[in-house]
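Nothing in this text is a laboratory measurement; each read-out follows from the coordinates by a stated rule. Since the structure is predicted, the reported quantities are computational estimates derived from the model, not experimental observations. Ideal geometry is used to build each Cβ from the backbone, glycine not excepted, and the neighbour counts take in all protein chains shown.
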């Protein structure tokens with residue numbers, strides 16, 4: 001189980017892992033369209049940069065603890081990952097509520113629509129990831145580390161780190177370049 | 001290796017954040033985009049272990065194809081829409 005991912009093209013799980021990788025790459029194209037829309041329609045949005053930095057560091061740490069979970073203390077590290085992911089969502093919630101309270105809703109202009117779509121869909125991915133962590137931990141506690149559970153562990157780890165990969169670009173393009 | 005990737009990612013994130021407070025315009029866009037790309041490559045190498053994949057490197061090939069589609073999609077959208085914007089300018 002300490003085997004690094006995804007060099008598992010020789011065992012029975014390899015097709016699943018490759019298929020999951022294909023899904024992640026198509027998901028990248030979904031986000032690419034949102035980034036293209038944002039790039040075309042972007043305007044000045046009053047974003048909270050220090051908060052976004054905190055979100056980035058939280059999600060980065062969760063990506064690291066998720067990688068640690070694939071090595072040892074699965075339940076402990078995934079619990080930490082879950083809490084960090086939840087903290088990220090809570091911070092995003094406060095940012096969204098602040099924007100909406102100030103009258104900057106997605107109905108106001110195309111730029112805000114593009115922003116809320118991009119950040120919102122990313123938030124939905126985090127939510128799905130949190131759900132996957134809960135399901136995974138319950139399966140792990142029930143069945144132990146079988147081949148199927150190990151395969152799901154690798155998929156979950158890939159997914160969570162992919163979500164951080166998308167956030168790097170959201171942070172760079174939307175927050176650092178756009179909040180001037 | 002994981003820990004190295006984590007430390008490098010933190011440093012790159014902080015560097016990008018710092019640069020965004022002192023740079024503006026094209027310099028900001030290029031430097032921040034570059035730092036984000038470096039961080040993405042570090043993650044792919046150290047967290048996803050893409051370089052350690054045995055031959056034939058299907059995951060890498062799919063990634064490269066995705067990047068091709070991504071570049072066409074994003075640069076094409078920006079190109080067409082800025083061209084439209086230019087041609088429809090009221091002046």
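Using a 10 Å cut-off around each Cβ, can you sort A:159, B:86 from fewest to most neighbouring Cβ atoms?
On the way: A:159 19, B:86 8.
In increasing order of surrounding Cβ atoms, one gets B:86, A:159.
Taking R0 as 51 Å, what FRET efficiency do you get between residue B:79 and residue A:142 from their Cβ-Cβ distance, rounded to the nearest 0.05? Display every interim value, and only then the final one.
Details: r = 53 Å, r/R0 = 1.03.
My answer for the efficiency is 0.45.
Would you list B:52, A:142 from fewest to most Cβ contacts within 10 Å?
Working: B:52 11, A:142 8.
Ranking B:52, A:142 by Cβ neighbours within 10 Å, fewest first, gives A:142, B:52.
What residue among A:170, A:16, A:61 shows peak mean-square fluctuation when chain A is described by a Gaussian network model with Cα springs under 10 Å?
Judging by the Gaussian network model, the answer is A:16.
Just to be sure I understand: if I project the alpha-carbon convex hull of the range A:1-140 onto a plane and average over all orientations, what area do I get in nm²?
Numbers: hull surface 38.5 nm².
Average of the hull's projected areas for the range A:1-140 equals 9.6 nm².
By counting other Cβ atoms within 10 Å of each Cβ, how are A:35, A:171 ranked from fewest to most? Provide the component values of the computation, followed by the final result.
On the way: A:35 22, A:171 25.
In order of increasing Cβ crowding within 10 Å: A:35, A:171.
Cα gyration tensor of the range B:1-52, axes a ≥ b ≥ c as square roots of the eigenvalues: rounded (a/c below 1.5), prolate (a/b > b/c) or oblate?
It is oblate, given that a/c is not under 1.5 and a/b is not larger than b/c.
Between helix A:14-41 and chain A, what is the angle of the helix's C-alpha long axis to the longest principal axis, kept within 0 to 90° and rounded to the nearest 10?
0
For the protein assembly as shown, state the average projected area of the convex hull of the C-alpha atoms over all orientations, rounded to one decimal in nm².
Working: hull surface 61.0 nm².
If you wrap the Cα atoms of the protein assembly as shown in a convex hull and average its projections, you get 15.2 nm².
What does the average come to when, for each residue of peptide B:7-20, you count the partner chain Cβ atoms lying within 10 Å of its Cβ?
On the way: counts 1, 0, 8, 5, 0, 2, 9, 3, 0, 8, 10, 0, 1, 9.
Across B:7-20, the average partner-chain Cβ count within 10 Å equals 4.
State whether chain B is rounded, prolate or oblate according to the following rule on the C-alpha gyration tensor (a ≥ b ≥ c being the square roots of its eigenvalues): a/c under 1.5 gives rounded; otherwise a/b larger than b/c gives prolate, and the remaining case gives oblate.
Details: a/c = 5.75, a/b = 1.39, b/c = 4.12.
Here chain B falls in the oblate category.
Under 10 Å, Cα contacts only: if you run a Gaussian network model on chain A, which one of A:75, A:163, A:40 comes out with the highest mean-square fluctuation?
So, out of A:75, A:163, A:40, the one fluctuating most is A:40.
Return the calculated 222 nm mean residue ellipticity for chain A, to the nearest 500 deg cm²/dmol, obtained by summing -39500 (n - 2.57) across DSSP H runs with n ≥ 4 and dividing by the residue count. Write out the running numbers ahead of the final one.
Values: 5 runs with 134 residues, N = 180.
Only helices count here, giving -26500 deg cm²/dmol.
Most fluctuating residue of A:43, A:144, A:85 in a GNM of chain A with Cα springs under 10 Å: which is it?
Result for chain A, Cα springs under 10 Å: A:144 fluctuates most.
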